[in-house]
Amino acid sequence: MRIVLQRVTSASVRVDGELTGAIGNGYLILFGVGHGDTEEDCRRLADKIINLRIFSDENDKINLSLGDVGGALLVVPQFTLYADCRKGNRPNFIQAAKPDEANRLYEYFVEYCRSKGQKTETGRFGADMKVELLNDGPFTIVLE
């Protein structure tokens with residue numbers, strides 16, 4: 001599993017002009033699934049993300065979690081995180097999970113975050129999405 005997490009002051013995703021998810025303060029998560037990824041991987045990464053302390057406190061120290069600031073998640077499926085560009089000029093996606101399995105784990109991740117009481121918005125699996133964000137910092141982390 002590969003996740004690109006961006007701390008944002010706002011983010012949204014649209015499919016065919018329709019707003020499918022939007023948040024204010026929180027994290028935009030680009031979510032990729034590879035071969036062999038499991039529900040346990042989803043739980044481990046979701047718990048890590050929810051508890052990451054990367055928001056500034058009153059002393060401008062990076063010390064607060066998503067819950068501490070009342071933040072939300074916008075989770076966008078992104079198989080292109082598994083692009084392999086080592087050979088040639090056209091990426092291959094051989095390491096990305098098959099769509100049915102990737103969607104299953106994407107939905108599991110989203111539901112797990114919600115089960116933890118986390119406000120979680122989504123993109124739409126397999127769709128051509130338009131994502132907008134106002135990156136805060138910028139603060140970007142890659143998790144695997």
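Kindly provide the chymotrypsin sites (Phe, Trp or Tyr not before Pro) of the stretch 46-98 that DSSP labels as loop, not H, G, I, E or B, and whose Cβ sees at most 12 other Cβ atoms within 10 Å.
Details: sites: PHE55, PHE79, TYR82, PHE93; in loops: PHE93.
Answer by residue number: there is no such site.
Which of the lysines could be linked to LYS48 by a straight reach, that is with a Cα gap under 23 Å, when you skip same-chain ones fewer than 8 residues away?
Here the lysines satisfying the reach criterion relative to LYS48 are LYS61, LYS116, LYS119.
Please give the contour-minus-distance gain from GLU40 to GLU18: 0.36 nm per residue of separation, less the Cα-Cα distance, rounded to one decimal in nm. Spell out each step's value before the answer.
Details: separation 22, 0.36 × 22 = 7.92 nm, distance 3.24 nm.
Going from the current span to full extension adds 4.7 nm.
Need one word for the chain: rounded, prolate or oblate. Basis is the Cα gyration tensor (sqrt eigenvalues a ≥ b ≥ c); a/c below 1.5 gives rounded, then a/b vs b/c decides. Mind showing how you got there, number by number?
Numbers: a/c = 1.57, a/b = 1.51, b/c = 1.04.
Prolate, since a/c reaches 1.5 and a/b exceeds b/c.
Provide the FRET efficiency to the nearest 0.05 for the ASP60-LEU134 pair, computing r from the beta carbons and using R0 = 22 Å. Please report the intermediate quantities before stating the final value.
Working: r = 19 Å, r/R0 = 0.88.
About 0.70, to the nearest 0.05.
Taking the chain as a Gaussian network, where each spring joins two C-alpha atoms under 10 Å apart, which residue of GLU111, GLU18, GLU101 fluctuates the most?
Between GLU111, GLU18, GLU101, it is GLU18 that shows the largest mean-square fluctuation.
Gain in length, ASN103 to ASP68, computed as 0.36 nm per residue apart minus the alpha-carbon separation, to one decimal in nm?
My answer for the length gained is 9.6 nm.
Using helices alone, what [θ] at 222 nm do you get for the chain, with -39,500 (n - 2.57) per DSSP H run of 4 or more residues, divided over all residues and rounded to the nearest 500?
Helices in the chain give a 222 nm mean residue ellipticity of -7000 deg cm²/dmol.
Would you mind telling me the share, in percent, of accessible area of the stretch 1-117 contributed by carbon and sulfur at probe 1.4 angstrom?
Reported share for carbon and sulfur atoms: 46 percent.
If you restrict to DSSP beta bridges whose two residues both lie in the chain, what percentage is antiparallel, to the nearest 5?
Values: 28 of 37 bridges.
Given both bridge residues lie in the chain, the antiparallel proportion sits at roughly 75 percent.
Rolling a 1.4 Å sphere over the protein heavy atoms, what is the accessible area per residue of the stretch 20-144, to the nearest Å²? Write out the running numbers ahead of the final one.
Numbers: 7220 Å² over 125 residues.
With all protein chains present, the stretch 20-144 gives 58 Å² per residue.
The values are calculated or read from the model by the stated rules, or taken from the named source; none is laboratory data. Fair warning: this is a prediction, and the values are worked out from it, not measured in the lab. A quick note on method: Cβ atoms are made from the backbone with ideal geometry, for glycine too, and the neighbour counts reach across all protein chains shown. Only protein heavy atoms, including side chains, enter the accessible area calculation; ligands, DNA and RNA are left aside. Shrake-Rupley method; radii C 1.70, N 1.55, O 1.52, S 1.80 Å.
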